[in-house]
Every structure is written in C-alpha cells, then in structure tokens.
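K.L.:
For reference, the structure I am asking about is given below.
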Amino acid sequence: MFIMDKGLETAYIFANQTGLRAAYAPDIDATMFLAAQHLRSVHNMPIEGLWHRFLKTFGFNVRDLIYQGHLNGIYNPNNPPIILQLQLDIFVEYWNNHKIRYQKDKPNMSGQTPRHTFTVPPEASYENCGIKVDWQAMIDALCGQIPVSRQDSMCWVDDFD
C-alpha cells in the first residue's frame with residue numbers, strides 16, 4: 001500500500017497506484033489490501049519522521065530555499081540541480097542505511113537497515129510481495145497523461161547528446 005498525505009498533488013499518485021494495481025495485480029482483493037491510502041500528515045508518522053530527520057540533518061526546507069533563490073534572482077530553473085541532487089543522494093544513502101529499532105512483535109523488518117532488508121529478502125522474516133510491471137508500458141501510459149507534447153514542453157531546452 002502506498003500511504004500519502006492529503007495534499008492536492010496526491011490525487012495523481014492515488015490514481016496511478018490504483019491503476020497499476022488493477023493492471024498488474026488484478027487478483028489482489030482491493031477492499032482488503034488497498035493500493036493507496038490518504039492520511040492526514042499528523043497520522044503519517046513514517047514520512048513525517050523522514051521529513052523531520054531531513055530538516056534536522058540539513059537545517060532547511062528545500063522548497064523554501066529554492067523559492068528564496070527565485071525571489072532574490074539567484075535561482076535559474078534552467079541550471080541542473082547539481083547541489084540539491086547531491087544532498088538528496090546523501091540523504092537517501094543515510095536513510096537506506098540507518099538501523100531500524102528492534103521490536104520483537106513487529107511483523108515487518110526491525111533491527112536492520114532498509115537496504116539490508118531489500119537486498120537480502122530471503123533472510124528476512126517476511127514474504128516478498130513485489131509485483132512485476134511492464135516498465136515501458138507504464139512509462140508510456142504516464143507520458144500519455146501529460147497534456148502537452150514533449151517537443152512543446154522541452155522547447156526551451158537546447159539539444160544535447
């Protein structure tokens with residue numbers, strides 16, 4: 001299940017998750033195992049904890065920093081986000097390698113890192129419930145939802161190799 005807050009942008013996520021589940025796992029009971037669920041932010045503790053850790057680690061809100069750069073005339077949206085991507089990559093490495101507190105009655109992983117759990121699933125005490133999807137069909141379908149052509153949306157970008 002994909003858990004998200006109730007932000008306006010999440011309607012697309014909900015629709016995509018539900019559509020992918022219907023297309024690639026029609027045998028899963030959608031009433032028993034939801035494809036996606038909206039929660040108020042205060043009830044979505046894993047993601048709120050993640051944002052708390054991100055803000056505590058880096059000390060700023062990325063959106064606010066970019067917006068301030070725009071207001072001050074120093075942010076150019078045509079430049080690649082090299083510094084931001086570097087910081088996000090560092091955070092992803094940290095998060096995927098942090099040890100989750102051991103809880104003896106927890107049905108999912110505990111006492112190990114997310115990376116270990118997903119790279120060595122046979123040793124873990126849970127079943128791999130991954131659903132295989134046709135990536136190219138999924139990308140084509142998502143691109144088909146974009147209301148303008150690639151040529152129109154990328155007209156300001158120079159051609160490159």
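K.L.:
Which one of these is among the aliphatic types (A, V, I, L, M), surrounded by 10 or more Cβ atoms within 10 Å (Cβ to Cβ) and modelled with pLDDT of 75 or more: ILE47, ILE66, ILE82?
P.N.:
ILE66
K.L.:
Okay, next question. Quickly run through segment 13-44 and pick out the residues that are at pLDDT below 80 and among the small types (Gly, Ala, Ser).
P.N.:
The one that is at pLDDT below 80 and among the small types (Gly, Ala, Ser): SER41.
K.L.:
I'm told GLN68 meets every condition in (1) out of contact with any Phe, Trp or Tyr (no Cβ under 9 Å at 6 or more places or on another chain); (2) in a helix (DSSP H, G or I) except one. Can you identify the failing condition by its number?
P.N.:
Here GLN68 meets the rest and fails (1).
The values are calculated or read from the model by the stated rules, or taken from the named source; none is laboratory data. Note that the structure is a prediction, hence the values are computed from the model and not measured. Counting neighbours? That spans all protein chains shown, and the Cβs are built from the backbone with ideal geometry, glycine included.
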